[in-house]
Ligand SMILES: [Zn+2]
């Protein structure tokens, strides 16, 4: 048997021994400690490097990426000024402008191994310009990346003129998921209604739900519990994601633990966004300054599925970033105090298997015989080293096809070297 491709001496996450991996017709067909009896059209000796399934960006805003500085830079760096700048930019959006920026950013993510992306799309625009552009992008990138689109009401469902109807139109046009933004509505009651409306649409159109929820330091912002209750009442377990939930870091422990147990029983996923959360939250504090990222470690311990998003890449909210989910995972490791040895292993799951659960793509995700051969070769031997170094993604494969390669940087120290003797 001559396979299409064999990877020799591959290290899989959480496995003790190296394996050889054979790929045929776009799928993993044999994974074994030794395939020396087999050959392939192409063989790659990965020499003990880590092979992982593609990274997953569970939360990004492709309509806003790469707009930093236009029409102006965010001078305070705050979330609210970001929303203000975005509302100034929105009337100038064109179909071509959105598509060009989104495609460029997707290329950045793909080059760094992220092949599954969930993007929120602002639908508080009577013309739905960004959505129409991203629906085209979703189809155009299918060969390199799977894109999910969430109807996201940036300025509110109830607090924005015709917000309900725009959400409905977005779903009719083909949005994959229903979003929401309860903490941003004018009143607490309107926030509750925001969530109820999202779930009503989800039921009507049979879609999953992913709301921006409690993205604030306000300890009284408590809409994640409403999402959990609606999930249970509607029987939507496993189909709902609460994004950000930064207020959870400001809740008192008694309430936080009640909420986390409720989320676990409702099988609600939580997505944290380390770059934006650390930069945008804590802005009203003097010192001590809150970190404003949700309780990732405690949620995992309670049995809640948690994944990560990049959220912003060079936009009014976060001016930096290069679309690297491994960098997002490294930052989460620092911010969430997940530097214990086993916790470091868990951090890699936040951008791989946990993300797959959020996007509900587990049937076609992972390194196992019979699954599509989509994977990355990292220039590191383990999750520990990958999170320490944030190394190059040497090879990126989708369905057995190589779609990106990166040469690692190499440094040379010149001059007189110090010699150590024992
Ligand atoms: Zn967001």
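Miscellaneous remarks
- GNM top mover of 120, 196, 244 - the chain, alpha-carbon springs below 10 Å: 196
- Relative to the longest principal axis of the Cα atoms of the chain, the long axis of helix 325-335 makes an angle of roughly 70 degrees.
- Normalised contact order of the chain, rounded percent, pairs of Cα under 8 Å and 6 or more residues apart: 19
- Measuring max minus min along each principal axis, the C-alpha atoms of the range 267-310 give extents of 35, 21, 13 Å (largest first).
- For the chain, calculated [θ]222 nm from helices alone, where every DSSP H run of n ≥ 4 adds -39500 (n - 2.57): -10000 deg cm²/dmol
- Cβ-to-Cβ counts within 10 Å put 184, 3, 341, 73 in ascending order as 341, 73, 3, 184, the fewest first.
- Seen against the Cα atoms of the chain and their longest principal axis, helix 224-234 is set at about 90 degrees.
- Going by neighbour counts of Cβ atoms within 10 Å, the residues 90, 70 line up, fewest first, as 70, 90.
- The value given for the chain is a Kirkwood hydrodynamic radius of 22.2 Å, derived from the mean inverse Cα-Cα separation.
- Degrees, to the nearest 10: 129-140 long Cα axis against longest axis of the chain: 20
- The range 341-417 - Kirkwood radius from inverse mean 1/r over Cα pairs (Å): 14.5
- Relative contact order (%) - the range 236-337, alpha-carbon pairs under 8 angstrom, separation at least six: 30
- As a proxy for reagent exposure, 145, 211 were ordered by neighbouring Cβ count within 10 angstrom, fewest first; the result is 145, 211.
- For the chain, the share of DSSP beta bridges that are antiparallel, to the nearest 5, is 35%.
- The range 135-265 gives an Rg/Rh value of 0.99, both radii derived from C-alpha positions and Rh following Kirkwood.
All of the numbers you see were taken from the coordinates with simple rules; none came from a lab. Every value quoted in this text rests on a predicted model; they were computed, and no experiment measured them. Methodologically, a virtual Cβ is constructed for each residue, glycine included, from the backbone with ideal geometry; neighbour enumeration extends over all protein chains shown.
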